[in-house]
Each structure stands twice: as structure tokens, then as C-alpha cells.
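Please treat every number below as a calculation from the coordinates, not as lab data. Note that the structure is a prediction, hence the values are computed from the model and not measured. Backbone-built Cβ (ideal geometry, glycine too); neighbour counts: all protein chains shown.
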Amino acid sequence: MDITAISLGVGAIVATFTGPIMALRIQRKLDRERVSSDRKMAIFRTLMSFRLQALNPRYIEALNLIDIEFCGTDSKEENVRRDWKLLLNHFFDLNKAENPNSEPLRERTTELTARLLMSMGKALNYDFDEVKVRKGAYSPLGNEEVENELHALRRALLSVLAGNKPFPVQVIEPLQSRLSPLSNNIASPQR
């Protein structure tokens with residue numbers, strides 16, 4: 001037997017055993033990458049969906065998952081983490097601000113949020129421009145009004161419960177004493 005035939009025989013045996021193992025490893029790697037990509041996409045979709053409702057619990061949860069899911073070493077994911085840190089730092093500054101709802105601070109929040117969403121989009125192979133990210137979502141005007149009213153009610157109730165403000169109570173006359181004598185005659189049957 002010549003050495004070539006032996007080499008081919010050994011190669012065939014090795015390929016027979018290692019081929020399926022390598023295919024399984026490759027498939028598992030591809031599955032992990034797909035699952036990771038799906039989780040990143042879920043975060044991105046949530047943030048895009050609720051970008052006009054920053055107090056929504058799903059939005060906040062998605063923001064807090066960025067560091068966990070966008071943990072790769074490529075420059076696109078590093079940009080996502082950098083932009084998230086900038087936005088997070090801004091949120092901490094808002095907590096200290098005298099008027100966190102001032103127009104300059106709201107504009108800065110919008111700017112940093114748009115920047116984060118654009119870098120996430122690039123990491124996920126989407127190409128959105130800043131105008132699309134900032135103004136490409138629909139939220140009826142009433143949504144913000146209702147949200148602001150709910151926060152005002154919550155603050156007022158908490159202030160009353162904390163004893164910082166009194167709970168206004170008004171005493172009114174019973175219904176019978178407010179009725180005129182004429183209506184009393186009409187209401188009661190005559191004998």
C-alpha cells in the first residue's frame with residue numbers, strides 16, 4: 001500500500017467522525033448568534049416603539065438591558081454602550097435638576113435618545129437618519145396630556161398622604177333641605 005492511500009483512508013475516517021461534530025458546533029454557534037441578535041432586536045423594537053413614552057416600564061426595562069445584550073467588542077456595539085452611558089448620565093443629571101421638564105433638558109434628552117437609537121440601528125444593520133428617529137413616531141397629543149395629569153394627581157395625593165398638604169373637604173347641606181317648599185309639596189302625595 002502506498003502512503004497516499006493510507007493518508008486518504010485515515011483522512012476519510014477522521015472526516016467521518018469529526019464532520020458531524022464540527023457541523024454541530026457550527027450550528028450551535030449560529031443558534032447562539034441568532035438568539036443574541038433576536039434579543040438585541042427586541043430591545044431596539046421596544047425602544048423605538050416607546051421612544052415618545054419614556055416613563056413606560058417596558059421602555060425603562062429595555063434601556064436597562066442594553067449593557068447586557070450589546071456587550072460585543074466590535075465598534076458598533078461599543079458605540080451603543082457609549083451612547084447609552086451618555087443618556088444614562090443625562091438621566092442622573094435630570095434627577096438633580098431644578099426643572100427637569102425645561103425645554104433645553106427635554107431637547108437634550110431627545111437628542112441623546114436619538115443618538116442611542118441610531119447607533120443601535122447601525123449595530124443591527126438598519127440605517128435610520130436622525131429625523132426619522134426623532135419625528136418618525138406617532139403619539140396622539142392626548143397621551144402626553146393624560147400622562148402629565150396622572151403624574152400631577154399622583155404627586156398631589158402623595159403630598160396629602162405625606163401630610164404636606166391638607167385634604168380639602170366641603171360640607172354641603174343634605175338634599176332635602178336644599179329643595180324648595182314647592183318641590184316638597186310636589187314630591188309628597190296629598191291625602
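At a glance:
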{"read-out": "Scope the stretch 123-150; condition part of a helix (DSSP H, G or I) and either exposed (fewer than 12 other Cβ atoms within 10 Å of the Cβ) or among the hydroxyl-bearing types (Ser, Thr, Tyr) (or both); matching residues", "value": "Val131, Lys135, Leu141, Gly142, Glu145, Val146, Asn148, Glu149, Leu150"}
{"read-out": "Selection status of Ile13, in a helix (DSSP H, G or I) and in contact (Cβ under 8 Å) with a residue 24 or more places away in the chain", "value": "no"}
{"read-out": "Of all residues making up the stretch 43-62, the number that are exposed (fewer than 14 other Cβ atoms within 10 Å of the Cβ) and either in contact (Cβ under 8 Å) with a residue 12 or more places away in the chain or touching a Lys or Arg at 6+ places or on another chain (Cβ under 9 Å) (or both)", "value": "3"}
